[in-house]
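Visitor: Got a structure here, written out as structure tokens. Questions coming.
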Amino acid sequence: MINARTTNVHQTEELAGAIASLARPRDIVVLSGEMGAGKTAFMRGFAAGIGVSPDETVSSPTFTLVHTYDTGKIVVHHADLYRLGRLSDVEDLGLRELADLGDVVVVEWGDVASDVLGDHLVVSLEADDDDEDTRQVTVSVAGHTWDSRWEQLKRALAKWGD
Amino acid sequence: MLILGIETAVEHVGVALGDHRGTLASATVNSDRRHAESLAPMIEFVCAQAGVTLRQLGAVAVDIGPGLFTGLRVGVAAAQSLAWAFDIPVVPMCSLDVLAHRMSRTEDDVVAAALDARRGEMYWAVYKPSDGRMTRLTEPVVTPPDDCAIHLAERDQYVTCVGSGFVRHQESFEALTRSTMRADEVTWPSIDDLLSLAGQRASREEWVEAHMVEPMYLRVPDAEINWATREGR
């Protein structure tokens, strides 16, 4: 597990970009954190880091369920499970299949359906009680898809080391 | 009765129109996952080729899987829309039934149909052919190929194997004696087979209303998401 701390939203975006730069086709990243914890900010930084054009508006897919960005080199899907009530609804989105077929998938509130998602990276964002801009960021993995990149990831996130 | 068949459960998209005389027009496009973009123009195309309008349809048949989730959704939604719009029934077709149907005249005891499910698994089911009709002996499941190989070995019958599952996981079935591999020739469910099998079913009125059609995913048992344990939602 990697612990980090960002002190403003720009740092959260930058940290997300650092993770994105190590992302590969078939990766699934699960984002957990309360409302306002910075999940959409993370996604903005992640999208930029993976090469999505700055002209693209990255917004929360709470009502549209999945937003898809195509960089020309890789396709990134941003999903939000917040409005879903059943695992079959999650399955309907076919997120794991999208990853299987070579895309990258980032799933907000994905922790409630981690069994459906298979191997993934978990990024959890938690607000700090003392400072409203500070976020405690915890990165962990389910499965082995990040094993060979783990040390690199540690180094990439060291500057926000907690 | 005029039936429109839709196949989107695999990598290619297939559309066909037919009636009691057989297939009137059909089209297959290797879509590279562009199911949504390909489907509507293809339906238009086959209707134009056959010289019919959608209003003349008596039923719509659609592959409900198991197969590619992203494709299934497109086909099922299209079939439902047409069924609602023209007040016609839907004939839901299992991809493995369609695959097995091609072998309905085999001399072997049973037919195993399998589609690759990725992640080292496959969707499969076993059928018994008799008088040109197939009866499912096992319900479709998703398992590692070895489970299927063990099942077939224990059956100890002459088996014809079809579908991409046997191509992708060939090595798991090498030790299987009394088997005939036909998977290289019959790899995917074909739109013509789908239409012909759907025609048989439609003649027996084995169809459902649009809202009853659901994709067959097989992956996880359904459950309520337990949001209660998640604070701060």
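Visitor: For the range A:108-162, max minus min Cα coordinate along each principal axis, in Å, sorted largest first?
Guide: 35, 28, 11
Visitor: Could I ask something else about it? Round to a whole angstrom and tell me the spacing of the C-alpha centers of the range A:33-108 and the range B:40-90.
Guide: A separation of 29 Å, based on Cα centres.
Visitor: Shifting gears a bit: What does the charge add up to near B:V29, with Lys and Arg as +1, Asp and Glu as -1, over the other residues with Cβ less than 14 Å from its Cβ?
Guide: -3
Visitor: By how many degrees, 0 to 90 and rounded to 10, does the Cα axis of helix A:9-20 deviate from the longest principal axis of chain A?
Guide: Here the helix axis deviates by roughly 60 degrees.
Visitor: Still on this structure, I have one more. Semi-axes of the equivalent ellipsoid of the protein assembly as shown: what are they in whole Å, largest first, if each equals the square root of 5 times a C-alpha gyration tensor eigenvalue?
Guide: 44, 25, 17
Visitor: Would you order B:V111, A:V104, B:V208, A:V75 from fewest to most other beta-carbon atoms within 10 Å of each residue's own beta-carbon?
Guide: B:V208, A:V75, A:V104, B:V111
Visitor: Once you average over the residues of A:81-89, how many Cβ atoms of partner chains fall within 10 Å of each Cβ?
Guide: What the average comes to for A:81-89 is 4.
Visitor: I need the per residue convex hull volume for the range B:138-225, using only the alpha carbons, in cubic angstrom as a whole number.
Guide: Convex hull of Cα atoms, per residue: 155 Å³.
Visitor: OK, next. Could you list B:K128, A:K73, A:K39 in order of exposure, starting from the residue whose Cβ has the fewest other Cβ atoms within 10 Å?
Guide: With the sparsest Cβ surroundings first, the list reads A:K73, B:K128, A:K39.
Visitor: While we're here: Using the Karplus equation 6.51 cos²θ - 1.76 cosθ + 1.60 (θ = phi - 60°), what ³J(HN,Hα) coupling, rounded to whole Hz, does each residue of the range A:81-94 give in order, writing x for Gly and Pro?
Guide: Taking θ as phi minus 60°, the curve returns 8, 3, 8, 8, x, 9, 5, 5, 5, 5, 4, 3, 6, x Hz for the range A:81-94.
Visitor: If you count the DSSP beta bridges with both ends in chain B, what percent of them are antiparallel, to the nearest 5?
Guide: The answer is about 65 percent antiparallel.
Visitor: Debye calculation, C-alpha points only, no solvent: report log10 I(q)/I(0) for the range B:103-181 at q = 0.16, 0.17 Å⁻¹, in the same order as the q values.
Guide: -0.50, -0.57
Visitor: Would you pull out the residues with amide H under 5 Å of A:V106's amide H, same chain only if 5 or more places away, H placed 1.01 Å from N?
Guide: Under 5 Å from the amide H of A:V106 lie the amide H atoms of A:V29, A:H77, A:H78, A:A79, each far enough along the sequence or on another chain.
Visitor: Using only Cα atoms and rounding to the nearest 10 degrees, what angle (0 to 90) does helix A:39-50 make with the longest principal axis of chain A?
Guide: Roughly 80 degrees, rounded to the nearest 10.
Visitor: B:L115: net charge of surrounding residues, Cβ under 12 Å, Lys/Arg +1, Asp/Glu -1, itself excluded?
Guide: Local charge sum for B:L115: -3.
Visitor: Return the FRET efficiency for the residue pair A:D162, A:S114: r is the Cβ-Cβ distance, R0 is 22 Å, and the value is rounded to the nearest 0.05.
Guide: Computed FRET efficiency for A:D162 and A:S114: 0.40.
Visitor: Sticking with this one: If you build the convex hull over the alpha carbons only and average its shadow over all orientations, what do you get for the range A:1-136? Give it in nm² to one decimal.
Guide: Directional mean of the projected Cα hull area for the range A:1-136 stands at 7.9 nm².
Visitor: Can you work out ³J(HN,Hα) from phi for every residue in the range B:56-63, in order, using Karplus 6.51 cos²θ - 1.76 cosθ + 1.60 and θ = phi - 60°, giving whole Hz and x for Gly and Pro?
Guide: Couplings: 7, 4, x, 6, 10, 10, 9, 6 Hz.
Visitor: Using bins 5 angstrom wide from zero, how does P(r) for the range B:97-143 break down, in % of all Cα pairs?
Guide: Reading the bins upward from 0: 5, 26, 31, 18, 12, 6, 2, 0.
Visitor: Related question: For a quick check: with amide H placed at 1.01 Å from N, whose amide H comes under 5 Å from A:D128's, ignoring anything fewer than 5 positions away on the same chain?
Guide: A:T134, A:Q136
Visitor: Relative contact order (percent) for the range A:1-104, with alpha-carbon contacts under 8 angstrom and 6 or more residues of separation?
Guide: Taking the mean separation of contacting Cα pairs over the length of the range A:1-104, I get 29 percent.
Visitor: Using modelled amide H (1.01 Å from N, peptide plane; none on Pro or chain starts), what sits under 5 Å from the amide H of B:T138, excluding residues fewer than 5 places away?
Guide: Here the answer is B:V126, since their amide H atoms fall under 5 Å of that of B:T138.
Visitor: Here's something else I'd like to know. Tell me the volume per residue, in Å³, of the convex hull enclosing the alpha carbons of chain B.
Guide: So the per-residue Cα hull volume is 146 Å³.
Visitor: Then there is this: In debye, nearest 20: dipole of the range B:103-181 around its Cα centre with unit charges on the Cβ of K, R (+) and D, E (-)?
Guide: Roughly 280 debye for the range B:103-181.
Every number in this text was worked out from the coordinates using simple rules, so none of it is lab data. This is a predicted model, so every value here is computed, not measured. Ideal geometry is used to build each Cβ from the backbone, glycine not excepted, and the neighbour counts take in all protein chains shown.
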